[in-house]
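Asks: First the structure, then my questions, so here it is.
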Amino acid sequence: MPPAPPAEPSAPPAHSEVPSAAPAAPAAAPVAAPVPAQPAVPAQAAAPVPPVSAPTQPETPAREAVPAREAVPAREEAPAREAAPAREAAPAQSASPRTGRIQVPVPSVVRARERGRIAEQNPVVLRTEMLTKTYGSLIAANEVSVDVHAGSFTGIVGPNGAGKTTTLSMISGLLRPTSGRVTVSGVDVWTDGPAAKRLIGSLPDRLRLFDRLTGAQLLYYSGVLHGVDAAAVAQRSSELAVAFGLESALGRLVSDYSAGMQKKIALACAMIHAPEVLVLDEPFETIDPVSAANVTEILEKYVAGGGSVVMSSHSLDLIQRVCDHVSIIVDGSVIAQGTVDAVRDGLSLEERFTKLTGMSDTQKGLEWLHGSSESE
Ligand SMILES: Nc1ncnc2c1ncn2[C@@H]1O[C@H](COP(=O)(O)OP(=O)(O)OP(=O)(O)O)[C@@H](O)[C@H]1O
């Protein structure tokens with residue numbers, strides 16, 4: 001049995017360091033480069049945050065409406081970090097003399113825009129390269145390439161069935177890709193799973209918790225199975241319980257938790273080993289508004305401390321407010337990505353999403369259901 005939680009919990013956990021060993025892969029893709037670009041375009045032309053679509057072509061249909069994707073730097077060309085030596089020179093990080101790990105100088109509360117700009121100077125901690133998953137003839141994820149920097153908060157959005165869960169599951173090591181590669185701090189998720197999973201905290205879709213355990217037990221096993229010693233697990237469990245408002249529920253069976261409480265305990269379990277990257281599939285689904293604000297604050301502190309969050313959500317307002325980077329996936333392919341400001345290009349993210357996906361047309365029809373005489 002896990003030890004009882006300490007009586008005096010303190011502040012929520014903060015991820016204060018990222019590994020200095022996070023290497024930049026040789027063929028680093030610029031964060032704002034969503035698709036393979038035309039080789040004729042120089043790397044610097046669009047760096048660092050090119051618009052995702054040309055503002056001069058607002059009327060073009062969704063898929064065709066992303067010509068600027070082709071105007072952004074190619075993967076084969078100079079990586080953004082190399083194309084911007086000033087960034088390299090900036091004293092963005094300093095190594096801790098105690099741990100040798102990089103201290104990321106991101107303030108605890110910053111606007112997402114500022115955070116995104118700062119984060120792009122940090123090492124890439126999560127990289128997917130041409131990540132693909134097929135089911136027979138169905139391409140659920142199609143050559144998805146995403147770079148996530150330390151200290152950044154990235155949203156993955158897309159219509160139902162777009163491939164968000166498929167992509168996040170492959171990143172988390174839960175779903176084997178058909179092809180492509182995922183690395184976390186240089187560790188290949190699919191060739192060195194155990195090492196990678198110590199660096200990743202995962203909140204999967206369709207929670208399948210060991211719900212005959214109490215919340216305290218679930219946290220305990222999540223911690224020790226990730227290699228955290230029991231004393232630290234007890235301390236962290238206590239702090240996480242306070243942070244998520246679950247103190248009084250820790251002794252109860254998880255099966256008796258509400259859906260929102262289950263989501264919160266699962267999120268706490270994903271964080272207990274202080275991972276480098278949190279991969280969260282719809283973390284705010286079923287969570288009440290007050291708790292959502294609380295969870296947002298916890299995640300922002302985690303990111304401010306150098307951790308990275310990749311999360312899917314259907315709430316474009318939330319993504320615009322909280323995230324500094326966003327990738328829009330449609331039919332398995334990334335059709336736009338970059339900083340939130342670059343992607344939305346002067347529109348709200350929801351307006352941009354609607355334009356890019358052409359989803360505004362889906363309301364046509366159903367007049368028979370609305371009682372309209374137009375269909376008669
Ligand atoms: N095990 C499976 N077998 C066959 N097809 C699958 C399987 N899992 C997912 N798919 C298909 O892959 C596509 C992408 O599914 P995915 O769950 O990744 O979408 P999503 O973007 O997360 O959708 P939602 O927003 O509805 O959660 C869908 O067409 C889905 O039907």
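The values are calculated or read from the model by the stated rules, or taken from the named source; none is laboratory data. As the structure is a computational prediction, the values presented were derived from the model and not from experiment. Cβ: placed from backbone, ideal geometry, glycine included. Neighbour counts: every protein chain shown. Protein only, heavy atoms only, side chains kept; ligands, DNA and RNA dropped before computing areas. Shrake-Rupley method; radii C 1.70, N 1.55, O 1.52, S 1.80 Å.
Asks: Only one of these conditions is not met by L225: (1) in contact (Cβ under 8 Å) with a residue 24 or more places away in the chain; (2) open to solvent by 20 Å² or more (accessible area, probe 1.4 Å); (3) not charged (D, E, K, R). Which number is it?
Replies: Failing condition for L225: (1).
Asks: Ok, one more. So which residues in the range 322-376 are exposed (fewer than 14 other Cβ atoms within 10 Å of the Cβ) and at pLDDT 85 or above?
Replies: G346, S348
Asks: Taking R206, is it of a type in the set (D, E, K, R), in contact with a strand residue (DSSP E or B) (Cβ under 9 Å, 6 or more places away or on another chain) and modelled with pLDDT of 95 or more? Break it down stepwise before answering.
Replies: On the way: of a type in the set (D, E, K, R): yes; in contact with a strand residue (DSSP E or B) (Cβ under 9 Å, 6 or more places away or on another chain): yes; modelled with pLDDT of 95 or more: no.
Considered against the rule, which asks whether it is of a type in the set (D, E, K, R), in contact with a strand residue (DSSP E or B) (Cβ under 9 Å, 6 or more places away or on another chain) and modelled with pLDDT of 95 or more, R206 comes out as no.
Asks: Kindly indicate whether V233 is β-branched (V, I, T) and within 16 Å of the ligand (Cβ to nearest atom).
Replies: When the stated conditions are applied, V233 does not pass them.
Asks: Regarding the range 187-200, can at least one residue be identified that is away from the ligand (no atom under 16 Å from the Cβ), in a helix (DSSP H, G or I) and touching a Pro at 6+ places or on another chain (Cβ under 8 Å)?
Replies: yes
Asks: Only residues in the range 203-221 that are more than 21 Å from L299 (Cα to Cα) count as the first member; pair them with residues that are basic (K, R) and away from the ligand (no atom under 16 Å from the Cβ), Cβ under 7 angstrom, at least 6 apart or cross-chain, and list the lot.
Replies: Close Cβ pairs (under 7 Å, with a partner that is basic (K, R) and away from the ligand (no atom under 16 Å from the Cβ)) amount to T214/R252.
Asks: Restricting attention to the range 235-253, and to residues there that are open to solvent by 20 Å² or more (accessible area, probe 1.4 Å) and out of contact with any Ser or Thr (no Cβ under 7 Å at 6 or more places or on another chain), which single residue is nearest to R198 (Cα to Cα)?
Replies: Filtering the range 235-253 for residues open to solvent by 20 Å² or more (accessible area, probe 1.4 Å) gives 235-236, 239, 242, 245, 247-248, 251-253.
Imposing the further condition that a residue be out of contact with any Ser or Thr (no Cβ under 7 Å at 6 or more places or on another chain) reduces the set to 235-236, 242, 247-248.
On the way: Q235: 19, R236: 16, V242: 24, E247: 26, S248: 28 Å.
Top of the filtered list is R236.
Asks: Keeping to the range 298-321, report how many residues are more than 16 Å from the ligand (Cβ to nearest atom), touching a residue at least 40 places away in the same chain (Cβ under 8 Å) and either surrounded by fewer than 20 Cβ atoms within 10 Å (Cβ to Cβ) or not hydroxyl-bearing (S, T, Y) (or both). Steps first, please.
Replies: First pass over the range 298-321, keeping only residues more than 16 Å from the ligand (Cβ to nearest atom): 298-309, 317, 320-321.
When the remaining residues are screened for being touching a residue at least 40 places away in the same chain (Cβ under 8 Å), the result is 298-309, 321.
Then drop every residue that is not either surrounded by fewer than 20 Cβ atoms within 10 Å (Cβ to Cβ) or not hydroxyl-bearing (S, T, Y) (or both), which leaves 298-301, 303-307, 309, 321.
Within the range 298-321, residues that are more than 16 Å from the ligand (Cβ to nearest atom), touching a residue at least 40 places away in the same chain (Cβ under 8 Å) and either surrounded by fewer than 20 Cβ atoms within 10 Å (Cβ to Cβ) or not hydroxyl-bearing (S, T, Y) (or both) number 11.
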